[in-house]
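Working notes for the structure below.
The values are calculated or read from the model by the stated rules, or taken from the named source; none is laboratory data. These numbers were taken from a predicted model, which means no experiment stands behind them. As a convention, Cβ positions derive from the backbone with ideal geometry for all residues, glycine included, and neighbour counts pool all protein chains shown.
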Amino acid sequence: MNHQLRRRAEGDRLQQEIQLLREEIRIKDARMEQLEAHRRPHYPPTERLATLELRAARGWSLAQTARVFLVTPLTIASWMGRLDEEGPDALVRLPKPVNRFPDFVSYLVRRLKILCPTLGKVKTAQILARAGLHLGPTTIRRMQRNTGWPEPQKEPTPRIVTARKPNHLWHADLTTVPTALGFWTSWIPFALPQIWPFCWWVGIAVDHYSRRVIGFAVYRALPSSAAVRRFLERTFRRAGERPAHLISDQGTQFIAKGFRRWCRQRGIRHRFGAVGKYGSLAVIERSIRTIKTECTRRLVVVPFRLAAFEQELALYISWFNGHRPHTRLRAATPDEVYHHRRLACRAPRFEPRRRWLRRSPCASPRTLIRGQPGVRLGLQVRYLAGRRHLPIITLKRVA
């Protein structure tokens, strides 16, 4: 219970530990002194710098430092004279961080930003993870900007999804895509009718669980309820299954008596989505916004021919389902989730850092290393059907 006795006992224990460490060092030094100076193992560049730092902290002379570390005073003087050297051939240098990526990784990230400027840091990380290179979004941001540290991100609020499997819950909606003529102005009598050739009407069906665009249809004018039902029938036959629930807005096509009767006959529970609620209309509205942002607005001219416009939509939806990682699916594509395929982002990854330990964690998602660490990679970008807004990114080994 006496604090003084306790401190004295602790002091005695530390003194004994110091004496044991000194004896341990003496035994090792005695063994090393039996070798000639030029036959002793060389200190690596990082240990040479640590030796000079300890010399400065202790205030040792050249002779004292040489005696402690079993080298000659000329060796210590040579290290002191070459402190300003830089580069991989420097005699004395700082230790290289283990988690630092090579310069060519930054080059790949910046080149990908130039080729695909609309990709954000999260989408870029997901695309590279699918290709085999795992980088964090903050790492990609530093590589793109090359200044400062990223701002702290807000954690996303948890969201509840009612669908538990593919084809359990579908969304259906209609939207307009203006052509080159456009809508002009909304004031009567200068407003143009929302029909072809001023715009196309597009019907979209999306699976809630996988976020996969199941089907689409293009109309020259506002479709009727019967036309929407025919579109959904074609989508059912193409998918080979009907959804248990169908969510839509309260458009004239969906509130018609014939549509409700059609849903009952096929065992589909039709309900209307709530505006502003996640998991309701927001899912298909976000899908429509993505299609317009990444497809129709990227076209120089929206085609006036029905077949040409359908081809552009078919190409984008094929790329969207098969090659575009979805943020909600954590870098997986809708096709991988819908068809229960192996996720490309979960495959073994490339590791360009030579000194990276295999058991050390990497950027999410965490996977095993493919081959040996320290591989050099090259960026390969191809475009679906020659469309510059539909990139397919892969990585390959280079010598």
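Some observations on this one:
- Residue in the range 114-125 that is in contact with a strand residue (DSSP E or B) (Cβ under 8 Å, 6 or more places away or on another chain), assigned by TED's automatic domain parsing to the domain that holds Trp356 and over 29 Å from Pro361 (Cα atoms) present: yes
- Of everything in the range 61-118 that is surrounded by fewer than 12 Cβ atoms within 10 Å (Cβ to Cβ), among the hydrophobic types (A, V, I, L, M, F, W, C) and at pLDDT 85 or above, the residue that is nearest to Arg355 (Cα to Cα) is Ile114.
- Val337 vs. criteria in contact (Cβ under 8 Å) with a residue 24 or more places away in the chain, assigned by TED's automatic domain parsing to the domain that holds Ala363 and either on the phi > 0 side of the Ramachandran plot or touching a Pro at 6+ places or on another chain (Cβ under 8 Å) (or both): yes
- Only listed residue being over 23 Å from Arg164 (Cβ atoms), charged (D, E, K, R) and in contact with a Leu (Cβ under 7 Å, 6 or more places away or on another chain), chosen from Glu233, Glu312: Glu312
- Looking across the range 59-107, just one residue is assigned to a helix (DSSP H, G or I), more than 46 Å from the chain's Cα centre (by Cα) and of a type in the set (Phe, Trp, Tyr), and that is Phe69.
- Out of Arg324, Arg298, sole residue that is among the charged types (D, E, K, R), surrounded by fewer than 16 Cβ atoms within 10 Å (Cβ to Cβ) and either within 26 Å of the chain's Cα centre (by Cα) or under 13 Å from Arg211 (Cα atoms) (or both): Arg298
- Failed condition for Ile392, given (1) free of Cβ contacts under 8 Å to residues at least 24 places away in the same chain; (2) hydrophobic (A, V, I, L, M, F, W, C); (3) assigned to a strand (DSSP E or B): (1)
- Within the range 360-387, being touching a residue at least 24 places away in the same chain (Cβ under 8 Å), part of a loop (DSSP other than H, G, I, E, B) and not hydroxyl-bearing (Ser, Thr, Tyr) holds for Cys362, Ala363, Pro365, Arg366, Arg370, Val375, Arg376, Arg387.
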